[in-house]
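Here is the structure we will look at.
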Amino acid sequence: MSQRAFSRRRFLQGAAGATAGLAIPGHLSALWPSVAAAPAAAGAQPLTIAKRFAPIVPRFPHILHGGDYNPDQWIERPDILQEDIGLMEKAGCNTFSVGIFAWVRLEPEEGRYTFDWLDGVLDRIAAKGWNVFLATPSGAKPQWMSLKYPEIKRVGRDGRRAFHAFRHDHCQTSPIYRRKVQEINTRLAERYAKHPALAGWHVSNEYSGDCFCDLCLARFRDWLRGRYNTLDALNQAYWSGFWSQTLTAWEQIEPRETPLDGLRLDWLRFTTDQTVDFMKHEIAPLRRLTPDTPVTTNMMGTFHGLDYWRFTDVCDRMAWDAYLFFHDDNAWKAAAGAGFTNDIYRAMKGGRPFLLMESTPSSTNWYHTPTLKKPGQHEQEMLLAIGHGADTTMYFQWRKGRGGFEKFHGAVVDHEGSDKGRVFQDVAAHGALLKKLDAIVGTSVKPEVAVLFDWEVRWALAMSEGPRQNADWRGWGPFEKEYNETAVEHYRPFWKLGIPVDVIESTRPLDAYKLVVAPMLYMLKPGVAEKLRTFVQAGGTLVLTYLSGIVNETNLCLPGGWPGAGLRELAGVWAEELDSIASDSPQRLVAKAGNALGLTGDFPVKTYCDRIHAEKADVLATYQSDFYAGQPALTVNRFGKGRCYYVAARPADDTLHDALVRGLVREIGLARALDVDLPEGTTVQMRSGDGEVFLFLHNFRREARVVDLKAQRLTDLVTGETLTGKVTLPAFASRVLRKG
Ligand code: GAL
């Protein structure tokens with residue numbers, strides 16, 4: 001993998017968080033006041049969770065603070081390793097992921113193990129009463145292993161086996177690699193099972209990628225046999241008569257180049273299953289030797305290549321690495337994007353607090369313009385994660401290495417080596433603040449709103465040629481059809497209003513929610529359409545959009561008019577045609593006078609405009625121009641005891657999203673975390689448990705903002721101050737408050 005590919009991979013993984021902050025025109029921020037003025041549902045109280053979750057490390061009921069610690073790079077400097085402990089104490093750190101890429105230091109030659117240096121590290125950390133997430137080192141294989149067993153290296157789409165190269169590039173099928181991983185993991189588990197520092201397993205690092213070696217291809221064919229049983233069923237599922245692609249033997253299956261979008265989709269499913277299987281294999285000795293030690297692996301946010309929902313049963317805790325492009329006028333957008341991803345990781349385990357496993361204490365070395373965090377922004381970024389349900393704030397990395405790819409990447413300890421720098425001081429200040437937040441540990445959120453975000457839906461859309469052109473026709477690249485961005489756009493209005501949201505896969509149960517927003521539900525997995533109908537029938541409110549109910553789970557178009565599989569009746573609309581519009585299109589959506597959502601005026605739209613027929617639905621807005629001017633663009637249909645909205649065009653900015661959500665909040669009676677106007681650039685998150693409610697109030701602007709709490713009285717958890725009436729939040733400031 002070249003350096004360019006390395007950066008590109010990074011671009012992919014930040015899609016919902018980081019890139020969300022890249023391109024907001026300054027004038028859009030001026031739109032926020034209209035949202036801030038949204039009337040909250042009168043008297044509605046946010047739901048709270050009855051009982052806290054157990055702390056991530058049960059014997060350590062504090063927010064975990066620390067990060068990746070790579071003492072294996074400093075073995076020749078025992079003085080530095082000793083110094084680290086004093087600095088860690090000064091920084092208020094207590095938890096470290098150790099040995100992530102240390103395989104060659106643990107096994108310098110086959111079968112010769114050298115654990116003494118690691119013993120020392122764990123002992124020093126244990127002596128302080130701190131915690132180690134001990135890593136399994138499978139993320140980077142030693143050179144000697146690649147040389148002796150070439151099969152462990154990946155084969156690319158072009159059929160060539162890779163060089164030893166970088167990291168994260170082993171074949172997940174290779175029996176030899178699997179055996180080697182189990183051997184080293186067994187040794188680690190045997191040696192450290194009873195070590196007082198061992199708090200959890202940090203399994204591998206950021207699993208990713210695929211391999212096209214003969215072993216993987218054979219395994220894929222077996223996987224397909226298991227899924228379809230017969231070639232006939234597979235041919236039908238893929239519509240393989242197209243371009244004479246009909247398969248007459250299993251050996252003909254070729255996932256590398258294919259016009260069959262169902263096959264492309266299955267390759268991604270297989271890659272996920274194979275990675276999960278690799279992880280299960282990898283953790284088998286850990287489960288056997290340390291049955292009570294939780295297992296997690298660090299994930300890359302909304303990374304395209306793996307369906308992270310499939311890991312939720314394998315991991316005891318969910319963890320992700322957040323690298324926010326987080327500064328200046330765009331900070332709130334990056335924060336909202338990160339909020340979205342945080343809400344996925346919390347929802348993955350039914351509200352259980354997750355781990356923010358990596359973040360940068362300053363800037364990265366791989367962003368194009370790695371702007372420094374401004375004063376206040378470090379604390380704010382950490383509190384943002386905690387407010388959404390993280391019980392850890394951890395960094396990559398503790399100390400900067402002197403060489404290699406990451407020597408310029410931010411770290412707590414700089415090359416200068418002391419505690420004097422601004423970054424260290426920011427981290428230490430955060431460490432000190434965390435000492436006052438023990439009451440937060442194990443609390444969580446119980447949202448009334450769910451936004452659906454489903455990797456398979458996203459893949460199906462990305463793998464399909466059209467309805468608009470893919471920049472990369474194979475759909476492997478980052479140029480998918482903005483599924484992520486669209487989901488975040490639908491999420492943002494709730495976040496601005498301080499309304500808790502779960503971001504969930506389309507197959508998850510919906511009964512806990514009053515409102516479900518399903519942006520671009522292009523593919524309907526089995527049972528999803530029925531579940532949505534049941535949800536609305538029983539009184540729920542559903543928001544569907546253009547490009548919904550188009551294909552089944554093998555990417556075959558659904559017959560009988562879109563949105564298909566019964567959603568046409570649910571939405572009361574037939575989406576006859578989808579218009580793709582140019583970026584300078586004047587098309588707008590015009591609110592109908594007296595519409596039920598109280599929308600007024602007109603709103604710009606972009607990218608997609610469905611030409612729909614309101615078969616049963618009421619029309620709330622129409623198109624302004626082109627040959628379909630005056631035709632429906634936004635509708636609502638009563639179905640059973642509930643309602644289904646259909647947004648036929650993609651809003652070009654936040655105005656329509658904000659207005660729509662404002663109307664829904666009023667109509668459904670959704671509760672906000674804090675029932676006050678939130679001025680532009682501010683937001684509030686809530687966590688609760690055991691009768692306590694905590695609020696995280698943020699100002700993401702570089703100017704101060706005033707929030708009027710009116711008669712509400714809140715206690716600052718850090719200063720002990722009682723707040724009421726008008727509260728000034730300085731630039732990039734956050735406060736953690738106790739309600740009641
Ligand atoms: C992460 C990775 C770390 C480090 C970091 C740099 O993706 O897990 O090992 O490379 O990026 O930002």
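Things to note:
Conditions tested, residue by residue: (1) within 16 Å of the ligand (Cβ to nearest atom); (2) crowded, with 22+ Cβ neighbours inside 10 Å; (3) not in a loop (DSSP other than H, G, I, E, B).
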site: Ser97; (1), (2), (3): yes, yes, yes
site: Trp117; (1), (2), (3): no, no, yes
site: Gly120; (1), (2), (3): no, no, yes
site: Gly129; (1), (2), (3): no, no, no
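- Residue ranges of strands (runs of 3 or more DSSP E) in segment 618-691 with at least 2 members of a type in the set (Gly, Ala, Ser): 682-689
- Number of positions in segment 189-230 that are within 15 Å of Trp267 (Cβ to Cβ), among the hydrophobic types (A, V, I, L, M, F, W, C) and part of a loop (DSSP other than H, G, I, E, B): 3
- Scanning segment 618-631 for residues that are surrounded by fewer than 24 Cβ atoms within 10 Å (Cβ to Cβ) and in contact with a strand residue (DSSP E or B) (Cβ under 6 Å, 6 or more places away or on another chain) yields Asp618, Val619, Thr622, Gln624, Tyr628, Ala629, Gly630, Gln631.
- Just one residue in the set Glu206, Glu183, Glu190 is assigned by TED's automatic domain parsing to the domain that holds Asp277 and either within 16 Å of the ligand (Cβ to nearest atom) or at positive phi (or both); that residue is Glu206.
- Scanning segment 43-85 for residues being assigned to a loop (DSSP other than H, G, I, E, B) and either within 16 Å of the ligand (Cβ to nearest atom) or on the phi > 0 side of the Ramachandran plot (or both) gives a total of 2.
- Yes/no for Leu697 being more than 26 Å from Lys436 (Cα to Cα) and surrounded by 21 or more Cβ atoms within 10 Å (Cβ to Cβ): no
- Pairs linking a residue in segment 150-173 that is over 22 Å from His281 (Cβ atoms) to a residue that is among the hydroxyl-bearing types (Ser, Thr, Tyr) and more than 16 Å from the ligand (Cβ to nearest atom), with Cβ atoms under 9 Å and 6 or more positions apart or on different chains, are Phe163/Ser146; His164/Ser146; Ala165/Ser146.
- Residue match in segment 173-181 (condition: surrounded by 15 or more Cβ atoms within 10 Å (Cβ to Cβ), among the hydrophobic types (A, V, I, L, M, F, W, C) and in contact with a strand residue (DSSP E or B) (Cβ under 8 Å, 6 or more places away or on another chain)): no
- Leading residue by the ranking (farthest from the chain's Cα centre (by Cα)) among those in segment 402-415 that are surrounded by fewer than 24 Cβ atoms within 10 Å (Cβ to Cβ) and within 11 Å of the ligand (Cβ to nearest atom): Gly404
- Meets criteria (within 30 Å of Asn94 (Cβ to Cβ) and of a type in the set (Ser, Thr, Tyr)) for Tyr207: yes
- One residue stands out among those in segment 369-390 that are modelled with pLDDT of 95 or more and aliphatic (A, V, I, L, M): the one that is surrounded by the fewest Cβ atoms within 10 Å (Cβ to Cβ), which is Leu383.
- Flag: Ile504 matches the condition of being in contact (Cβ under 8 Å) with a residue 60 or more places away in the chain, in contact with a strand residue (DSSP E or B) (Cβ under 9 Å, 6 or more places away or on another chain) and more than 15 Å from His304 (Cβ to Cβ).
- Check on Asp343, surrounded by fewer than 24 Cβ atoms within 10 Å (Cβ to Cβ), more than 16 Å from the ligand (Cβ to nearest atom) and under 26 Å from Pro58 (Cβ atoms): no
- Counted residues, segment 468-509 - those being surrounded by fewer than 21 Cβ atoms within 10 Å (Cβ to Cβ), at pLDDT 90 or above and either touching a Phe, Trp or Tyr at 6+ places or on another chain (Cβ under 8 Å) or hydroxyl-bearing (Ser, Thr, Tyr) (or both): 1
- Leu198 being of a type in the set (A, V, I, L, M, F, W, C), in contact with a Phe, Trp or Tyr (Cβ under 7 Å, 6 or more places away or on another chain) and over 24 Å from Asp158 (Cα atoms): yes
- Unmet requirement for Ala319, which otherwise passes all of (1) away from the ligand (no atom under 16 Å from the Cβ); (2) closer than 24 Å to Asn484 by Cα: (1)
- Hits in segment 277-305 - residues which are of a type in the set (Val, Ile, Thr), within 16 Å of the ligand (Cβ to nearest atom) and part of a loop (DSSP other than H, G, I, E, B): Thr297, Thr302
- Of the residues Ala591, Ala575, the single one that is closer than 14 Å to Pro632 by Cβ and touching a Ser or Thr at 6+ places or on another chain (Cβ under 7 Å) is Ala591.
- Against the list (1) outside any helix (DSSP H, G or I); (2) surrounded by fewer than 23 Cβ atoms within 10 Å (Cβ to Cβ), the condition Arg310 fails is (1).
- Residues of segment 543-591 classified as within 19 Å of Tyr623 (Cβ to Cβ) and surrounded by fewer than 16 Cβ atoms within 10 Å (Cβ to Cβ), total: 7
The values are calculated or read from the model by the stated rules, or taken from the named source; none is laboratory data. Keep in mind the model is a prediction, meaning the values are calculated, not measured. All Cβ positions, even for glycine, are placed from backbone atoms using ideal geometry, and neighbour counts span all protein chains on display.
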